[in-house]
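What follows draws every value from the coordinates through simple rules; no lab data is involved. From a predicted model like this one, the values you see are computed outputs, not experimental measurements. So basically every Cβ, Gly included, is an ideal-geometry build from the backbone, and we count neighbours across all protein chains shown.
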Amino acid sequence: MAVPAPNTIPAEDNMEQYYGWQWELNANCKSEDPEYFFPTSIAEWNDRLPTLRKICGECVVRDMCLRTALAEGRQHGFWGGKSEKERRLMIRKVGLKRLIDYLDSNH
Ligand code: SF4
C-alpha cells in the first residue's frame with residue numbers, strides 16, 4: 001500500500017489513488033444497514049452507541065476508516081469507532097494533520 005509522504009493530507013479526489021478502496025471489503029459493517037451509522041437525534045445516538053462501538057471495535061480496518069473520515073472532513077455519522085463529537089474533539093485537541101500522520105504511521 002502506498003503511503004503518502006509525511007505532512008501530506010491527500011485531497012478527497014486523491015484518496016483512491018493513495019489507498020484504493022479495497023480496505024472496505026474487510027469492513028466489519030459491510031453487511032450492516034449504512035443508515036444505522038448515521039443517528040439523527042440524541043436519543044438515537046444514545047441507543048445505538050453501544051452497538052456501534054462493538055461493531056467498530058471488532059473491525060480490522062478501523063484506523064483506515066477513521067483516517068478516511070478525518071481526511072475527507074466527514075462531519076456526520078459514526079466512523080472508525082468515533083462519533084461526530086469525538087472526531088471534532090480529537091481534531092481540536094491533537095490537530096488534523098497530527099492525527100492523520102499518526103494513523104498513517106500505523107500502516
Ligand atoms: S470502523 Fe466501523 S464504520 Fe468503519 S469500516 Fe469498520 S465497522 Fe465500518
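Quick notes on this structure:
- Tensor-based shape of segment 24-105 (alpha-carbon gyration tensor, a/c under 1.5 rounded, otherwise prolate or oblate): oblate
- Inter-site label distance for E24 and S105 at 7 Å from Cα along Cβ, in nm: 2.9
- Here the extension length gained between H76 and D47 equals 8.8 nm, from 0.36 nm per residue of separation less the Cα-Cα distance.
- Packing rank of 53-59, 98-104, 77-83, where each peptide gets the mean count of other beta carbons within 10 Å, highest leading: 77-83, 98-104, 53-59
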